[in-house]
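All remarks here apply to the structure that follows.
Nothing in this text is a laboratory measurement; each read-out follows from the coordinates by a stated rule. Fair warning: this is a prediction, and the values are worked out from it, not measured in the lab. Here Cβ is always computed from backbone atoms with ideal geometry, including for glycine, and neighbour counts include all displayed protein chains.
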């Protein structure tokens, strides 16, 4: 017997340990401010009546008084819609919904017209949406205008038509020629069926209500869940109304269930765990980013809050980080979904699990209720709780046993709590040990955390030892997540070592003899940096301690090079050093005067030649005298002069090809002229000879 | 004694050469003078090069070869124009002169190109 009980206890504990639950917070000021921001009207109105209704309903649930600003424009829009003959069924429905909140003054003529339109549509309705709008409109009309008679005579037929679209798994189809079923449609159908029940003449068939209850239970069978106990409804297909998110589908189902619950006085026997799961789903969204999501969330939460038989209660912690040093107290709040106070109850801390391990301790301590703040306070932490991360398991105990039937508290709520504190670090010292003998060469005391600037020197035969003690505020040993010692060479190469511990004492010994190769044989200054940190340590630090001058032996041939350090990108892509080109030294040219002297000297033979010519009696007697030959003779000399001038130009600036071209022309000319002249000279001299 | 005999012989040789040269026709003397002028220019250029060094060498060659080349052409002109030369009896001197001019022009084109 005792053994069986023991096994049962273990099984329960294991089950409790395996299922996680999320901590959610009830609706708060952040939701209100988001509503004001998201539902801000453009030019005094919200666009469509549907959006107006969403805004008004959200404000109403959250208790925001903002109706006056848009009341006039909305009421005018409602009146226009109801009067107009071209309004669609949906418009009537939306207008009536807006009116249910604003309660405008309506023309009775328009109301009668609306009623007849809705009744006609109901008689001719075939799709689920048509049923929903027409029945919904009639229900709203009945609520607002009690004098109007909207009772249904053929409620039975309508009920059956709607039921015909239902599937066996609890979902509904939108119309008979659409095979896809969805949870969203199920919610709409439930609302419509509940409306039929409320509108039907007093003979309500009890079998209908039983059918509805079964439908709801079947629907709950298809609910999806997360591991932390959150339940939600999702769609498998993209329906005719576009893609429905889990939020809108779940909200639609909740509306349906709430409508059914309101239409009958019987209990629906809803599964409390799943209702709680749905509540956690809606609260777990946080503050939605779009106006429609916020409407769905707040609307669904308002219906869940008002469910008679299983009202969810939320256990939340405003602060999950508790500082031991600041002497914070753990506070727990139990409230309804919308933040209203819960009935009188007490909260007990049942168990504490150490996060990340299987240790657990059973506590069973009651928290003290502070009426002023409405919080349950854990005045003192249990004895064996020190700095670290824990999972606290709370349970809600009702003072009034009747409340247990109407409220759902979700059983054990597990919360991740961080207990933080200032960790004491003592006896910190850094020492250079000499060789195997372990004698102390150089010992320096450190202040951690604090400013330190030690200057040590060591060679490769010595060891460096860093040691310090760490203890929690309660005096226990503490193992932080990070305890690193980093040595950084002046060239930028880093070496990181873990500091190990045994109990409270943390120590690391760097034996340089074994580390010489790891350090790439780089001697010089190494900066020492110590990092000690943990998520729950309030005084984590990363500090330079000083430096150590290491004298290492020279690197052998095959030693690995240190990894290249990251190059500063500005230096890599910046301008490079200026290159000074070394040209071949120019040849030594002679002095200018010397060159000019020789220029003159070279011309001397020419003048000597001319002088010699004069002395020899050279003359121009044979120069032709008559016109034509003399012309040719002059041209001949001019031609030669031209060729020489061309050569000078060639030397100065022309290139060979131009010169050759010009020379060709000049040569032709010169040939012709020369031939003429010389043949004339030859003929004259031969005439002389013959004579 | 031997020395004075040698110098006397040299003087006698020199005088006989001078008198023989005086008999040469004038046109040949003009050509000889021209050859002398060209060679003298070449010698001065070599002397300059000896002083300042052979940079730029191409210019030096160009200058020297110009003088030498034109001297050579003048020599060949003299041979062709000389009436005592039996080989070129039928060649009119104008023709030889025309060749001389043409060859000089070609030579100087090459020289100017090589002068740089």
Principal-axis tilt of helix A:627-652 within chain A, Cα atoms, nearest 10 degrees: 40 degrees
Between helix A:2-18 and chain A: long-axis angle, C-alpha atoms, 0 to 90°, nearest 10: 40 degrees
222 nm mean residue ellipticity, helices alone, for the protein assembly as shown (DSSP H n ≥ 4; -39,500 (n - 2.57); rounded to 500): -16000 deg cm²/dmol
Chain A: angle of helix A:49-62 to the longest principal axis, Cα-based, in degrees nearest 10: 70 degrees
Label-point separation, residue B:72 to residue A:383 (7 Å along Cα→Cβ), nm: 12.8 nm
Protection proxy ranking of A:534-543, B:85-94, A:80-89 - average other beta-carbon atoms within 10 Å, highest first: A:534-543, A:80-89, B:85-94
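When A:171, A:255, B:18, A:348 are ordered from fewest to most other Cβ atoms inside 10 Å of their Cβ, what list results?
Details: A:171 25, A:255 19, B:18 9, A:348 15.
Sorted ascending by nearby Cβ count, the order is B:18, A:348, A:255, A:171.
When Cβ neighbours within 10 Å are restricted to other protein chains, what is their mean count per residue of peptide A:657-667?
Working: counts 0, 0, 3, 2, 0, 0, 3, 0, 0, 1, 3.
What the average comes to for A:657-667 is 1.
Return B:67, A:104 ranked ascending by Cβ neighbour count within 10 Å, so the fewest neighbours appear first.
Numbers: B:67 23, A:104 18.
Taking fewest neighbouring Cβ atoms as first place, the list is A:104, B:67.
Taking each residue in A:601-613, count the Cβ atoms of any other chain within 10 Å of its Cβ, then average. What number comes out? Present the calculation step by step, with values, prior to reporting the outcome.
On the way: counts 6, 8, 2, 4, 10, 3, 1, 5, 9, 2, 1, 7, 5.
That works out to 5 on average.
Pull out the extension gain between residue A:513 and residue A:72, defined as 0.36 nm times the separation in residues minus the alpha carbon to alpha carbon distance; nm, one decimal. Please list the in-between numbers first.
Values: separation 441, 0.36 × 441 = 158.76 nm, distance 8.84 nm.
Going from the current span to full extension adds 149.9 nm.
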Distance in nm between pseudo-label sites at residue B:50 and residue B:23 (7 Å out along the Cβ direction from Cα): 3.7 nm
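Stokes-Einstein D for the protein assembly as shown at 20 °C, 1.002 mPa s, Kirkwood Rh over Cα pairs, in µm²/s?
Working: Rh = 40.4 Å.
In µm²/s, the coefficient rounds to 53.
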Mean separation of Cα contacts under 8 Å (6+ apart) over length of region A:471-523, as relative contact order %: 26 percent
Peptides ranked, highest mean first, by Cβ atoms within 10 Å: ranges A:629-638, A:385-394: A:385-394, A:629-638
Potential extension, residue B:11-residue B:58 segment - 0.36 nm per residue separation minus Cα distance: 12.7 nm
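Taking each residue of B:29-36 in turn, how many C-beta atoms of other protein chains fall within 10 Å of its C-beta, and what is the average?
On the way: counts 6, 6, 0, 2, 9, 3, 1, 4.
Going residue by residue through B:29-36 and averaging, the value is 4.
Got the relative contact order for chain A handy, in percent, Cα pairs under 8 Å and 6 or more residues apart?
Working: 1049 pairs, mean separation 56.6, N = 691.
About 8 percent, as a whole number.
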Virtual paramagnetic centre 7 Å along Cα→Cβ of residue A:559, amide N under 17 Å, in region A:506-548: A:511-526
Label point distance in nm, residue A:164-residue A:60, each placed 7 Å from Cα along Cα→Cβ: 3.4 nm
Listed peptides A:682-688, A:373-379 by packing density, highest first (mean Cβ within 10 Å): A:373-379, A:682-688
Region A:406-484-region B:49-103 distance, computed between alpha-carbon centres (Å): 106 Å
Cβ-based exposure ranking for A:549, A:305, A:29, in which fewest neighbours within 10 Å come first: A:29, A:549, A:305
